[in-house]
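J.: Okay, here's the structure, questions in a sec.
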Amino acid sequence: MNDAIVVGAGPAGSAAAVGLARAGAKPLLLDRARETGDALCGGFLSWRTLARLDALGIDRASLGGQSVRFVRLFAGERRSETMLPGEAIGVSRRRLDGLLQAAAVAAGAGLERGVHATALEDGAVQTRDGATLAAPSIFLATGKHGFRGFPRDPAGWQRGDPVMGLRLRLPAHPALARLVGDAVELHLFDRGYAGLVRQEDGGGNLCLAVHKSRLDEANGDPAALLRTLGSALPHLGERLAHADWSQDVDAIGHVPYGWRTAESVPGLFRLGDQAGVIPSLAGEGMGLALASAAAAAAAWCDGGGDAAPAYQKRLAATMTRPFALANLVWRMGENRRTAGAMTSMASLFPALVRMMSAATRIEPR
């Protein structure tokens, strides 16, 4: 019998499976995809996230990502560039998830693909094909996608105008390398922002968090919105000049940025975006995934399934300050009255940018 079932084989679920298996447990890792894909979010790994990956046996050389040393802000014609507190990297989720899944299997975890979990009932996982999988503990790590029976309400100021996530992959090109280089870029605009980082293949991962009202102005067409933004924002337009518009723009709806929970029940550990969704502008989504996985595995090792409620409360408390700061910066960045001033302040006071970058990292207790 399995000691634990981990629902979701992304970074949070795979890292939890590694921790459990190394402690002598028998976890079963479930993934609804039959092959490892390139998820929409999570292409930036901070210096602290890289340290956590080192502890899991995944070093920078195996990731092979693009070195990132600077954060660059754009608001209209204003720009700033600041060195990060530590070296980060840009890497695709396909590469990251694949390495973490392999580490979980090597540690002794089971991995079953093509299993679509649909509900948790009476301490068991129900699947789309009608199967019931039971274990004393369940780790819920299904990422930004909602899971039936576990609502995640966004912050009040988002409810009337929810936030969408969009992603366009930019092909490798000398111009992209020259323009972006070893920076992660944040292009600020009214009711949203775009983050851009190069990854291991030299291409760019362009992700947007944008309110639905802004997408509605483009008749719900993500590609049309990107073209409009490229025309209005010259720096972003330069980067989109060599986009392959035959590619689909990936999308995910109603992302509850800023939400977190302190609630759980014995036997249920909520990880990553199922524990809290930090605004992606902070670049700490993968950090939260790995930090929550390590904390949950340690809690299980100390107290078994009964440790879940206390773990959830501790994690929620740890998220309070980073989430508050990330929300503040995000709201200033997507407001046209404050985005320019924020960018100018970043240019004048680079130490403040580094302080905020460090303060939005997740350090579980």
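Where a number appears in this text, it was derived from the coordinates with a stated rule and is not lab data. Quantities reported herein were computed from a predicted structural model and do not represent experimental measurements. So basically every Cβ, Gly included, is an ideal-geometry build from the backbone, and we count neighbours across all protein chains shown.
J.: Quick one: in region 65-107, of everything that is hydroxyl-bearing (Ser, Thr, Tyr) and crowded, with 20+ Cβ neighbours inside 10 Å, which residue is farthest from residue 350 (Cα to Cα)?
T.: 92
Yes/no matrix, rows are residues, columns are (1) under 24 Å from residue 185 (Cα atoms); (2) free of Cβ contacts under 8 Å to residues at least 12 places away in the same chain; (3) surrounded by fewer than 24 Cβ atoms within 10 Å (Cβ to Cβ); (4) within 19 Å of the chain's Cα centre (by Cα):
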position: 32; (1), (2), (3), (4): no, no, yes, yes
position: 42; (1), (2), (3), (4): yes, no, no, yes
position: 48; (1), (2), (3), (4): yes, no, yes, yes
position: 51; (1), (2), (3), (4): yes, yes, yes, yes
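J.: Sticking with this one: Any residue in region 248-262 that is buried (at least 18 other Cβ atoms within 10 Å of the Cβ) sitting within a Cβ distance under 8 Å of a residue that is of a type in the set (Phe, Trp, Tyr)? List the pairs, counting only those 6 or more apart or interchain.
T.: Close Cβ pairs (under 8 Å, with a partner that is of a type in the set (Phe, Trp, Tyr)) amount to 257/330; 258/323; 260/323.
J.: Moving to a separate point now. Which one is surrounded by the fewest Cβ atoms within 10 Å (Cβ to Cβ) among residues in region 183-220 that are closer than 16 Å to residue 235 by Cα and of a type in the set (D, E, K, R)?
T.: The extreme case among them is 190.
J.: Would you mention how many residues in region 8-18 are more than 16 Å from the chain's Cα centre (by Cα) and either in a loop (DSSP other than H, G, I, E, B) or surrounded by fewer than 24 Cβ atoms within 10 Å (Cβ to Cβ) (or both)?
T.: 0
J.: Restricting to region 153-182, and then to whatever is in contact with a strand residue (DSSP E or B) (Cβ under 9 Å, 6 or more places away or on another chain) and among the basic types (Lys, Arg), can you tell me which residue is farthest from residue 225 (Cα to Cα)?
T.: Selected residue: 169.
J.: Still on this structure, please answer the following. Determine whether residue 105 is over 25 Å from residue 237 (Cα atoms), out of contact with any helix residue (DSSP H, G or I) (no Cβ under 7 Å at 6 or more places or on another chain) and not small (Gly, Ala, Ser).
T.: yes
J.: Within region 121-131, is there a residue that is among the β-branched types (Val, Ile, Thr) and closer than 16 Å to residue 268 by Cβ?
T.: Yes, because at least one residue in region 121-131 is among the β-branched types (Val, Ile, Thr) and closer than 16 Å to residue 268 by Cβ.
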